[in-house]
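The values are calculated or read from the model by the stated rules, or taken from the named source; none is laboratory data. If you're wondering where the values come from, they're calculated on a predicted model, not measured in any experiment. In this analysis, Cβ positions are derived from the backbone assuming ideal geometry, glycine residues included, and neighbour counts consider all displayed protein chains.
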Amino acid sequence: MKRILTLLLCTALALSLAVPALAAGVQTEQETAAAWLKENGILTGDQNGNLNLGSGLTRAELAVILTRLSNETGDMDRNVAYYRTICPFTDVPEWAMPFVGYCAEKKLMAGYGNKLFGPGDPVTPAAACTVMLRYLDCPASQWTYATACGKASELGLLPGSAAEGPSITRGNIAVLIYRALNGGNAGSVSTASGFRDGYLTNGKPITEENVLELLQQIEKDWPIGTIWGTHNTLNTHKNEVPSSISGQIMRSYHVSNTYGCGAYASMVSSLIFGDTANPGRKLDNISELRPGDIVFVVSPDGKVGHAVISLESPNEEGRFHYTDGNGGETIWWPDKDHANLRSYSLTGFSGGQIPHHLEVWTRYPKGTPYTGNSVEVWPKDNS
């Protein structure tokens, strides 16, 4: 949850970016970033619709943005009075109490101790960079809070003089977030392994073999039977991994990226392919699905009944195994005792009495050839 808070923190910071006025008709990168963030619902502007790009963002304002970003189930909207009541800080203005209460309960933001939140405090460059580096899962061994600005600059995320001064402008925060979410500015993003297209989160090139290696590690980290939350099971596991690209895929099907099967599939996809690298694309030929691909079970009217992650390519019968984050509100993997309980067929699939079909999204680059080498690799030998 800490990582999501930081991500949201960063994104939230962008909400009211600061940009110096230039000649009419000339749009700076800051303005481009701000416009993109507004279009995607991250920025809203004031009562007059102004983004106030020259103003600063306070921690209280950040709580509002974090709430907007994480409140996919509408929980905050339904329970405003509750979240106002549970706000644990004594220095928060009344208008901000529901948002700060929400962020505190969800562990999105924390205070300073002694029941102080610091609602009017500005965000420093180091704090902004720390948030975004955590969001990108940049290995903690490569940077500290003191070196966060330098690392962000190295990765091509932080513009020019943005690290100067006691606080960072909203314009520079907008650029920081925009570059992180969109793969950099004009190719400026670092080519370090794991931070560009064609590489996995472990720094290895995208191949079926390397994806399988990561899936096996994820199975160890999230083993069969682990409780996984739905919107009805609060305070259990849910997706707390930054999932920009996989989240966009889920939202295109109106599937939650926070709870349930869609959230689990989104998390696994991000743990393999990263947050903002390796854009997704829909497979035209689903018989060429590979380990790590996102599989949707879709009804004739276009509604998604389930979302899973494939663990292998289909065999001659069109069957393949998958991992599921909502099997009785738990995580499931195929094992030798229940080998056929977690498999789908490309043809003849039906959920109950209504026929369904499968739609597949992949994050393998287009130039990565389909090999079929991962057919029937699960359930693997756990002995």
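Quick notes on this one:
- So Gly280, is it small (Gly, Ala, Ser), closer than 30 Å to Met132 by Cβ and crowded, with 24+ Cβ neighbours inside 10 Å: no
For (1) at pLDDT 90 or above; (2) of a type in the set (Asp, Glu); (3) in a loop (DSSP other than H, G, I, E, B), each residue gets a yes or a no:
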residue: Val241; (1), (2), (3): no, no, yes
residue: Gln248; (1), (2), (3): no, no, no
residue: Thr258; (1), (2), (3): no, no, yes
residue: Gly262; (1), (2), (3): yes, no, no
residue: Ser266; (1), (2), (3): yes, no, no
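- Qualifying residue in the range 210-222 (condition: among the β-branched types (Val, Ile, Thr), assigned to a helix (DSSP H, G or I) and in contact with a helix residue (DSSP H, G or I) (Cβ under 8 Å, 6 or more places away or on another chain)): yes
- Members of the range 286-322 found to be aliphatic (A, V, I, L, M), surrounded by fewer than 21 Cβ atoms within 10 Å (Cβ to Cβ) and farther than 13 Å from Ser345 by Cα, listed by number: Val298, Val304
- Residue match in the range 103-115 (condition: surrounded by fewer than 15 Cβ atoms within 10 Å (Cβ to Cβ) and within 20 Å of Gly56 (Cβ to Cβ)): yes
- Look at (1) surrounded by 15 or more Cβ atoms within 10 Å (Cβ to Cβ); (2) modelled with pLDDT under 90 and you find that Ile218 fails only one, number (2).
- Residue that is farthest from Gln217 (Cα to Cα), among those in the range 309-331 that are in contact with a Gly (Cβ under 8 Å, 6 or more places away or on another chain) and assigned to a strand (DSSP E or B): Thr330
- Lone unmet requirement of (1) of a type outside the set (Asp, Glu); (2) part of a helix (DSSP H, G or I); (3) closer than 27 Å to Thr226 by Cα for Ser287: (3)
- Where helices (runs of 4 or more DSSP H) sit wholly within the range 1-80, those with at least 1 residues that are in the same structural domain as Gly111 (by TED's automatic domain parsing) and either crowded, with 23+ Cβ neighbours inside 10 Å or modelled with pLDDT under 75 (or both) occupy 2-13, 29-39, 59-70.
- Of the candidates Leu346, Leu358, the single residue that is touching a helix residue (DSSP H, G or I) at 6+ places or on another chain (Cβ under 8 Å), over 27 Å from Lys220 (Cα atoms) and at pLDDT below 85 is Leu346.
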